[in-house]
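Input: a single structure, listed below in structure tokens.
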Amino acid sequence: MEKAAGATEHDLGTAAVELLGELIQIDTVNPPGNEAPAQELLADLLSGAGFDCELLAAEPGRPNMIARLRGEATGPRLCLIGHVDTVTADPADWSFDPWAGDVADGEVLGRGAQDMKGQVAAQVAAAVELGRSGWRPERGDLLIVTLADEETGGELGARWLCETHPEKLEPDYVVNEGGGIVFEAAGARFYPLCVAEKGIMRFKLRTSGRAGHASVPGLGDNALLKLAPIISRLAAQPPIEPTPEGVAFRDRFVELLGDAVRPVGLEHGAMETLDAAMRELGLVPRALPRVERIETETWGEHLRKIRDGRLSWTWRVREEDRLRAVEEVWAWGEARFGDLDAPRPVSMPIRLRAYDVAG
Ligand SMILES: [Zn+2]
């Protein structure tokens, strides 16, 4: 197997790449999951490095794995969490074997490489290295938790584990997936990190009044009408507040990309600029899996290739969705750049919006 560029410089990177290859070779498409061989592989590695490992299963063949490295004194628990199941893959739609785990052009290829066997392999390789070196937390425990059944809702994974064995987890800090997928721009590699998340607040509004009669409207006090001004006030959203992390990311991003993003206007607020800069690079918000790098081609050439089916698609997407995605990106690009055949100055990862992706 060819080694990933960059990883060979460090044994740790090599270990992570090799482990990722092994994990990809274990088919854990969920359903049915069959996560046991992957979990046993991870538990063996971590046990050998001094972790206490437990496999806890809601159903035979589908265990979750908890590995604990105890600290020398009690203290907060840091939990690195991941899942070993993946979404499906139909090899007929892939230009390479989804379960070979091969390395090409410095990237490990396969179903689950990004979501999320890559992070699992990196976390476990790092934890194994730490454990083998004799390192132990000064205070508190380090937990490595790999879940089954994440892709279809976590009934046998996170949910079951939290409901059935809450005492085995109880972390003070959790690191999970979700920040975004690594991307390259202007020769730099970006690792997005999610530092906050929008939440949901549900509440009930109740207004009260007094029943009247249609013949004497003035006697009534209509409770429904009291809701109207309250509901209309909900339409006025507070302004987006830039966070220090968002501002730092925006500034560094803009600095690295230089002229490539300047046309979008630095006079905007942090989030607007960042949003525009991301879209300038073709990172369409809400987009799904395909990332295609434009190195030397113009946008126009590239989109034509996708439209005409001259670029292979590595996930299953319906024909009309492919065309719709191309049309949408085309229209967006034209509105923004005018001439799509004008050369763009930076290497642009472009992620097309796709609908109803099954792969
Ligand atoms: Zn995931």
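Computed from the coordinates by the stated procedures, all read-outs in this text should not be read as laboratory data. Keep in mind the model is a prediction, meaning the values are calculated, not measured. Here Cβ is always computed from backbone atoms with ideal geometry, including for glycine, and neighbour counts include all displayed protein chains.
Neighbour counting of Cβ atoms within 10 Å sorts the residues Val120, Val175, fewest neighbours leading, into Val175, Val120. Cβ-to-Cβ counts within 10 Å put Phe51, Phe203, Phe253 in ascending order as Phe203, Phe253, Phe51, the fewest first.
When Met116, Met201 are arranged by Cβ crowding within 10 Å, least crowded first, meaning fewest neighbours, the order is Met201, Met116. Computed 3J(HN,Hα) for the stretch 149-155, one whole-Hz value per residue from the Karplus formula 6.51 cos²θ - 1.76 cosθ + 1.60 where θ = phi - 60°, is 6, 7, 6, 10, x, x, 4, glycine and proline marked x. In terms of overall dimensions, the C-alpha atoms belonging to the stretch 22-126 reach 52, 35, 22 Å along their principal axes, ordered largest to smallest.
For the stretch 7-177, what proportion of DSSP beta bridges, expressed in % and rounded to the nearest 5, is antiparallel? Bridges in the stretch 7-177 are about 55 percent antiparallel.
With a Förster radius of 35 Å applied to the beta-carbon distance between Glu163 and Thr243, the computed FRET efficiency rounds to 0.60.
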